[in-house]
1. Compute the distance from the alpha-carbon center of region 129-151 to that of region 1-52, in whole Å.
2. For the pairs Lys38/Lys66; Lys66/Lys150; Lys66/Lys152, flag any whose C-alpha to C-alpha distance is greater than 27 Å.
3. Can you figure out the FRET efficiency of Thr137 with Arg18, using R₀ = 25 Å and their beta-carbon distance, to the nearest 0.05?
4. Among 139-148, 16-25, how do they line up by average Cβ neighbours within 10 Å per residue, starting with the highest?
5. Can you work out the Karplus-derived ³J(HN,Hα) for every residue in region 55-66? Use 6.51 cos²θ - 1.76 cosθ + 1.60 with θ = phi - 60°, whole Hz, and x for glycine or proline.
6. Could you work out how far apart the two model spin labels at Val49 and Glu1 are, taking each label as a point 7 Å from the Cα in the direction of the beta carbon, and quote it in nm?
7. Rounded to the nearest 0.05, what FRET efficiency do Arg97 and Lys66 have when you use their Cβ-Cβ distance and R0 = 25 Å?
8. What residues of region 1-21 lie in the reach of a label at Leu42, counting those whose backbone N is under 17 Å from a point 7 Å from the Cα along Cα→Cβ?
Amino acid sequence: EKALRAHRSQLRGFVAARALAADVDDALQIAAMRALEKADALVDPDRVVPWLYQIHRTTLIDLARKARSERSKIEALAAEPMSEATPAETEPGDACRCSLEQARQLNPRYSTILEMVDISGASLKEAARTLGVTVNTATVRLHRARKALKDKLMAHCGVETMRGCNDCHCTERGCCTA
């Protein structure tokens with residue numbers, strides 16, 4: 001712990017030179033936790049500084065691998081064709097008022113992308129450009145929005161899609177007057 005405090009600024013510089021600015025604090029914290037957890041494994045106390053640098057180096061490598069893995073998952077999701085069972089499988093104007101009302105109650109990021117892509121018929125590329133995000137980000141956001149809408153429709157109406165919502169009983173109950 002003393003060595004971590006004594007070399008804090010040098011370790012910060014080491015990490016900052018090798019990581020994105022947004023990741024520096026996380027990397028430092030993870031490395032510090034690892035060092036404290038493994039302090040008993042230090043054989044030669046005179047070699048504590050190189051040992052700390054090695055822990056910080058392996059922490060940076062682990063974080064880079066994790067980031068690469070997450071990017072590949074997003075890219076795979078973006079490349080995945082839309083399934084026929086997507087919750088918002090509609091033509092513009094095909095959704096009932098109930099499903100539109102449920103979509104409006106979602107997080108604004110989700111309701112906006114659903115409105116643009118699934119209701120208004122914009123392409124993901126157009127939606128991404130309008131929202132100022134990458135196509136990958138828009139794809140992930142749309143995927144999450146559809147999942148959230150599916151869950152909301154299932155809980156409220158007992159259906160999973162906007163098209164299926166045309167068969168719900170919310171109009172008769174009067175609970176979703178938009």
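All of the numbers you see were taken from the coordinates with simple rules; none came from a lab. Keep in mind it's a predicted model, so treat the numbers as computed, not measured. Note: ideal-geometry Cβ built from the backbone for every residue, glycine included; neighbour counts use all protein chains shown.
1. When both Cα centres are located, 37 Å separates them.
2. Lys66/Lys150; Lys66/Lys152
3. Once the sixth-power term is evaluated, E becomes 0.50.
4. Going by the mean number of other Cβ atoms within 10 Å, highest first, we get 139-148, 16-25.
5. 5, 5, 4, 5, 5, 4, 5, 4, 5, 5, 5, 4
6. A separation of 2.3 nm, rounded to one decimal place.
7. Calculated value: 0.05.
8. 1-12
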